[in-house]
Amino acid sequence: MSAKIHLNTNLARDGLVFYDIDDGPFRIHGVYREGDRYVRMPSEIAKTVSDGVGNLCAHTAGGRVRFVTDSPYIAISIKVRCFSKFSFFPLSGTVGCDLYGGTRYFGTFSPPLDVTDGYEGVVDIFDPAEREYTVNLPLYSMVEKLYIGIREGSVLRAAPDYAVTTPIVYYGSSIVHGGCATRPGCNYESIIGRTLDCDFINLGFAGCAKGEDEIANYIAGLTMSAFVYDYDHNAPTVEYYRETHERMFKTVRAAQPDLPIIMMSRPKYHLNAEERERVNVMLQTYANAIAAGDRNVYCICGTELLSEDIREMALVDNCHPTDGGFASIAKVLGGRLWEILAL
């Protein structure tokens with residue numbers, strides 16, 4: 001077991017001891033330490049894509065810490081910087097963490113409204129038992145350190161492998177990034193990860209996902225079980241989207257001939273003329289791939305992603321999904337991935 005860390009805390013729990021997640025047995029997924037922070041991809045490569053991606057690669061969207069314990073409570077102490085505040089996106093999503101035991105939600109570590117450089121929180125487990133837990137990291141924040149607290153004397157050991165250990169890689173806009181999930185475990189990648197018991201990497205870059213050659217080349221070199229991409233919202237024009245969409249597909253396909261690739265358009269039901277033209281760009285990339293003999297390429301129109309019963313409640317601002325919108329996307333995309341990966 002890793003060494004206990006002494007922290008000054010205001011959390012009143014008997015026997016509370018903290019551990020540094022960088023010091024086993026914690027398993028960290030979706031991010032890794034680079035200097036004084038966690039990143040989703042190497043910052044030196046990210047900077048070659050754009051300044052925006054160079055900064056946003058340090059947002060911990062999709063980052064997870066997994067472990068097994070029987071503690072009657074789980075606490076965190078987290079140091080953050082460069083976090084985001086929005087009028088339409090709660091702090092519990094941008095800066096907060098949440099806790100799952102398997103597929104079951106146990107609670108949220110919510111930051112205070114005046115959060116500056118970190119916070120602490122605790123979730124009481126009303127039916128403590130030895131189980132696997134996941135702490136999901138903030139979607140729109142840079143995390144410097146994370147300590148996890150349990151009751152002294154409790155079991156603490158490594159979580160088992162995912163059923164699908166080779167990660168699914170997602171690339172795209174702020175929707176892929178996680179905006180505007182109310183907490184990190186509610187974006188669609190996290191929901192699919194729990195449902196299918198699969199590892200994943202979130203390469204969503206809010207406002208900065210434009211299908212550049214540099215990011216396409218980076219993704220093409222990753223080890224992955226499937227690749228899902230949707231940067232519709234961030235392509236500045238239809239012409240730009242047409243110029244880059246198929247090129248990105250071909251770059252990844254050339255490097256990984258047998259990789260399942262799923263392309264999606266923006267999750268939205270009522271489309272204007274330009275949005276319908278953007279869908280046609282994606283459909284043309286797909287049609288060309290099929291005509292060339294590709295049998296491991298798939299496409300999902302964004303209109304399919306939002307179920308009929310929640311369509312008028314699925315978006316926060318006619319762009320970013322609500323939690324219901326994310327759940328609907330996860331159901332459709334997760335079902336497709338379940339079939340493709342033969343789970």
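With a 1.4 Å probe and all protein chains left in place, how much of the accessible area of the range 1-88 comes from carbon and sulfur atoms, in whole percent? Here it works out to 50 percent. Put a dot 7 Å past the Cα of Ala12, heading toward its Cβ, do the same for Ser87, and the two dots end up 3.9 nm apart. Each other residue within a Cβ distance under 15 Å of Cys186 adds +1 if Lys or Arg and -1 if Asp or Glu, for a net charge of +2. The largest accessible area among Lys331, Lys268, Lys145, Lys250 belongs to the first residue in Lys331, Lys250, Lys145, Lys268, and the rest follow in falling order (1.4 Å probe, all chains). With R₀ fixed at 35 Å, the C-beta to C-beta distance from Asn318 to Gln284 puts the FRET efficiency at about 0.85. On full extension, the segment bounded by Trp338 and Thr116 gains 75.8 nm, given 0.36 nm per residue less the C-alpha separation. The smallest convex shape that holds all Cα atoms of the range 42-181, its convex hull, gives 129 Å³ per residue. Probing with 1.4 Å while keeping every protein chain in the model, the per residue accessible area of the chain equals 39 Å².
Could you tell me how many degrees, from 0 to 90 and to the nearest 10, lie between the Cα long axis of helix 273-291 and the main elongation axis, the longest principal axis, of the Cα atoms of the chain? With both axes taken from Cα atoms, the answer is about 80 degrees. Taking the Cα centre of the range 139-241 as origin and assigning +1 to Lys and Arg Cβ atoms and -1 to Asp and Glu Cβ atoms, the resulting dipole is close to 520 debye. For the range 90-246, with all protein chains in place and a probe radius of 1.4 Å, 50% of the accessible heavy-atom surface sits on carbon or sulfur.
Note on the range 219-343: Cα-only Rg and Dmax are 14.6, 40 Å. What is the percent carbon and sulfur in the accessible area of the range 259-335, measuring with a 1.4 Å probe over the protein chains and ignoring ligands? Whole-percent figure for carbon plus sulfur exposure: 52.
Think of each Lys and Arg Cβ as +1 and each Asp and Glu Cβ as -1; about the Cα centre, that makes the dipole of the chain roughly 160 debye.
Counting Lys and Arg as +1 and Asp and Glu as -1 over every other residue whose Cβ lies under 12 Å from the Cβ of Thr103, the net charge comes to +1. Angle, helix 323-340 long axis vs. longest principal axis of the chain, Cα atoms, 0 to 90°, nearest 10? Roughly 70 degrees between the two axes.
In terms of the Cα gyration tensor, with a ≥ b ≥ c the square roots of its eigenvalues, is the range 164-210 rounded because a/c is under 1.5, prolate because a/b exceeds b/c, or oblate? Oblate shape, in that a/c is at least 1.5 and b/c is the bigger or equal ratio. With a threshold of 24 Å on the Cα-Cα distance, the over-threshold entries among Lys145/Lys331; Lys210/Lys250; Lys85/Lys145; Lys47/Lys210; Lys4/Lys85; Lys250/Lys331 are Lys145/Lys331; Lys4/Lys85; Lys250/Lys331. The residues neighbouring Thr48, those whose beta-carbon lies less than 12 Å from its own, together hold a net charge of -4 under the Lys/Arg +1, Asp/Glu -1 convention.
Taking label points 7 Å from Cα along the Cα-to-Cβ direction, Leu271 and Asp70 give a separation of 5.4 nm.
Spin-label model, Thr166/Thr48: points 7 Å from Cα along the beta carbon direction are separated by 2.4 nm.
The values are calculated or read from the model by the stated rules, or taken from the named source; none is laboratory data. In this text, all values refer to a predicted model and were calculated from it rather than measured experimentally. Cβ sites come from the backbone with ideal geometry, for glycine too, and all protein chains shown count toward neighbours. Each accessible area value is taken on the protein alone, full model and side chains, heavy atoms only, with ligands, DNA and RNA left out. Shrake-Rupley method; radii C 1.70, N 1.55, O 1.52, S 1.80 Å.
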